[in-house]
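This report refers to the structure that appears directly beneath it.
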C-alpha cells in the first residue's frame, strides 16, 4: 500500500515537472520570438512590402508562442516558487524587446499606411495584445502567493505597453 502511494506521488510530481518544463520552453520561445520581431523592426522602415511581410510573419510567430505558452500554463496545475521566479525572470528580460518593438511599430506606421499594410500591422498588434492579456491572466493565476504581486506588476507592464501600440493603430 505504501509503495503504491509513493508511486502515485512520484507520478504526480513528475507530471508537474513535465508541465513546468513545457511552460518554461514556451516562455523561452516567447522571448526568442519577441527578440526576432524587435530585431526585424529595428531595421525595418515599413516602406517595402517584402520587409513588411517579414515583420508580419514574425508577429504571427510571436502570437503563436504566446498562445502555446498560455495553453501549457492553463494545463499546469501549479508551479513552485523557484519555477515561477524563473518564468518571471525570462519574461522580465524579454520586456525591453517588447518596448523596442512597439515603439518601432509606432514610428513606421505611416510607411505601413503608404504601402497598404497598416491593417495587417493593426491586426497583428491587436492579436498579440489580446494573447498577452490572456496569457498574463494565466501567469498571475499560477503564481505562488508570494509572487502574485510581482507577476501582476509584470503583466500590467506588458499589457499597458501593448495597449498603447494598439491605441496608436486605432487612431
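The values are calculated or read from the model by the stated rules, or taken from the named source; none is laboratory data. The structure displayed is predicted, hence computed values, not measured ones. Glycine gets a Cβ as well: all are built from the backbone with ideal geometry, and neighbour counts include every protein chain shown.
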For segment 107-119, what are the residues that are loosely packed, with under 15 Cβ neighbours inside 10 Å and part of a helix (DSSP H, G or I)?
107, 110, 113, 114, 115, 119
Within 18 Å of the chain's Cα centre (by Cα) and under 19 Å from residue 163 (Cα atoms) - does that describe any residue in segment 105-112?
yes
Conditions first: (1) part of a helix (DSSP H, G or I); (2) modelled with pLDDT under 95; (3) out of contact with any helix residue (DSSP H, G or I) (no Cβ under 6 Å at 6 or more places or on another chain). Residue 73 passes all but one, so which condition is the exception?
(3)
Of the criteria (1) buried (at least 18 other Cβ atoms within 10 Å of the Cβ); (2) farther than 28 Å from residue 168 by Cα; (3) modelled with pLDDT under 95, which one residue 147 fails
(3)
What number goes with the only condition from (1) surrounded by 21 or more Cβ atoms within 10 Å (Cβ to Cβ); (2) more than 17 Å from residue 141 (Cα to Cα) that residue 23 does not pass?
(2)
Going through segment 154-165 in order, the residues found to be surrounded by fewer than 19 Cβ atoms within 10 Å (Cβ to Cβ) and either touching a residue at least 24 places away in the same chain (Cβ under 8 Å) or more than 15 Å from residue 98 (Cβ to Cβ) (or both) are 157, 159, 161, 163, 164
Sort through 90, 128 and tell me the only one that's in contact with a helix residue (DSSP H, G or I) (Cβ under 8 Å, 6 or more places away or on another chain), closer than 24 Å to residue 28 by Cα and surrounded by 21 or more Cβ atoms within 10 Å (Cβ to Cβ).
128
In the set 64, 122, 160, the lone residue that is out of contact with any helix residue (DSSP H, G or I) (no Cβ under 7 Å at 6 or more places or on another chain), closer than 30 Å to residue 48 by Cβ and modelled with pLDDT of 95 or more is 64
